[in-house]
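Inspection log for the structure reproduced underneath, given as structure tokens.
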Amino acid sequence: MKVNSKKISLIFLLFSISLLSSQKDQSKLISPLDIPLAISGTFGEIRSSHFHAGLDIKTGGKQGLKVRTVLDGSVSRIRVSTTGYGKAVYIDHPNGTTSVYAHLKNFSPKIESYIKEAQYEKESYVIEKFPKNELAVLKGEVIGFSGNTGGSSGPHLHFEIRDTKNQMPFNPMIFNIDVVDTKKPVIQKLFLFHENNFGEDIITQKIKLEKISDGLYKAPKIYTSGKIGIGLQMYDNQDLSLFNKNGIHSIKIFMDDKIISDYNYNNIKFDDSQYLNLLIDYKEFKNKKIRVQKLFNPNNSNISFIDKDEKNAKFSIEENKSYDLLIEISDFKKNISRIEMKITGRETNFIHPTIEGELILPENEYLFKFKDQTVHLKKNTFYYPTSLNVYKDHDSIKINPDISLFKKSFSIEFFANKYDSISKRQSFIARLNKKKKIAYYPTIIKDSIFITKSVQAGTYFLAKDSIPPKIKPINFKKNQWLSKSKFLKVKIEDDLSGIKYYEGEINGKWVLFEYEPKNKNLTFNFNDLKFKSGKQDLKLKVTDNVGNESIFQTTFYRKYD
Ligand SMILES: [Zn+2]
């Protein structure tokens, strides 16, 4: 309870700060975009590896929309990465919050020139800088342009508000971000959970709901007994994003008018994401791609936004007793969907699944030894006793079943005494993914032992990449005059182990090529540097993850004023 009241008082503190200063209209946020806000991702929404720490704001399928800082402040961090947030700006505000703008196409001229200077100094596209009050910005000032950089699968703005002190993200909706929402959450299916012999929450009933009216669902009569929990398959959407399946905001369960579950997404911690696969039913997700969210605190988790007192626990159903339950699912704008259900206690027997393979107990360490391979599981590799099949199939190691939820990584070793030095250098540990494609796993080679770590079951083997990356000009030809071009674009590709490193030079000087792995493009902006007019020498060096190197050299002509 203590932790939560602290959280609440912090929110109230922020509220009162903004109330106080809103008299001067200083602390009232403006919108980061000039268009009505349509949301393709809500705060806390469950993603494949994390709880979503901000809002995803749609940009109409376009890039290059002006992105404005929501309050006066000072740029405190700039990051450029080919993964994650892509190009991102962090701005600290006097009210103790930090706003974050990610997946940008580019920065405002002021920020762009600051970061380019750093990139040229470090000779790296990927960079992170922490300016100290050098880049002040005014509320409404354009700080960049929306894009699709980093781990983004379509143009949008990822927007966050954090507590500056500890970088804990708040739900940006708390700060009156203007999103029109009159739509109630949609509930698709209800699930009952019981604990199995090992203390793991498992689905014991899947229940279809009857939709009585918009926002009201009724469950058929349910018979069960013992300690149970409830899970839901559900989503929410907003008026301007009717086709998006966004996350909900809060959960409440009343049992005979007493609240037994109550949690919401007002603030989360980045650490919470390690428990994400415990909050959903991992097996249902792996088998059917369905996310069933538990409405209770899952065993073995320590999620910061779920209180762990008597609330949010699983509850007991006694035989021959009846219970009235009301579940309320709400979005941030208090549009509520309700489920009414009646549970009657009746003796219930569970058939526990038979164990295939070996039962791995979390308290033990395991070493699977084969002729040329080993698989090593340290203590606490799993949350629960888990049945696992580890075996050799030709030269592969198979670890099954694929639905095993790992808490920690395990290591795999392959011995390759008979490999010559070239084969050894070109080999790596690979995992066969769903589409039967080979995925590179970062591999350490010690003498003749190849070592990697993984948190996934599956098929692992030694693969070999002997083909260097391909480099191909996109918008120019050899000896062409490029005086009118703004950019130099080149495509780089590697078909097996993937691109690890690249470097471009013009007339022997390092130049900044921006790398976008999604379209495999390298782009140099001619505005960056001036050379002597006439013939220009371009040299590009690209290496893959096992060190195969390609060098591309060509010449072009350009007139500089
Ligand atoms: Zn996002």
* Using the heavy atoms of the protein chains and a 1.4 angstrom probe, tell me the accessible area per residue for the chain in square angstrom. => 49
* Express the carbon and sulfur contribution to the solvent-accessible surface of the chain as a percent, rounded to the nearest whole number, probe 1.4 angstrom. => 50
* Asked: Going by alpha carbons, how many degrees (0 to 90, nearest 10) lie between the helix axis of 2-22 and the longest principal axis of the chain?
  -> 60
* **the chain - mean residue ellipticity at 222 nm from DSSP helices (-39,500 (n - 2.57) per run, n ≥ 4, rounded to 500)** => -3000 deg cm²/dmol
* Structure fact -> In this structure, the FRET efficiency calculated for K122 and K470 from their beta-carbon separation, with R0 = 30 Å, to the nearest 0.05, is 0.65
* **For a label point 7 Å along the Cα-to-beta-carbon line of F415, residues of segment 350-390 with backbone N under 14 Å** => 368-375
* Structure fact -> Of F198, F461, ordered by accessible area with the largest first and a 1.4 Å probe, the sequence is F198, F461
* In degrees, nearest 10, range 0 to 90: what is the angle between the Cα axis of helix 109-122 and the longest Cα principal axis of the chain? -> 70
* **Rounded if a/c under 1.5, otherwise prolate or oblate - segment 186-345, Cα gyration tensor axes** => rounded
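The values are calculated or read from the model by the stated rules, or taken from the named source; none is laboratory data. None of these values were measured; they are calculated from a predicted model. Don't worry about glycine lacking a Cβ; one is built from the backbone with ideal geometry, like all the others, and counts go over all protein chains shown. Heads up: the accessible areas ignore ligands, DNA and RNA and are worked out on the full protein's heavy atoms, side chains in. Shrake-Rupley method; radii C 1.70, N 1.55, O 1.52, S 1.80 Å.
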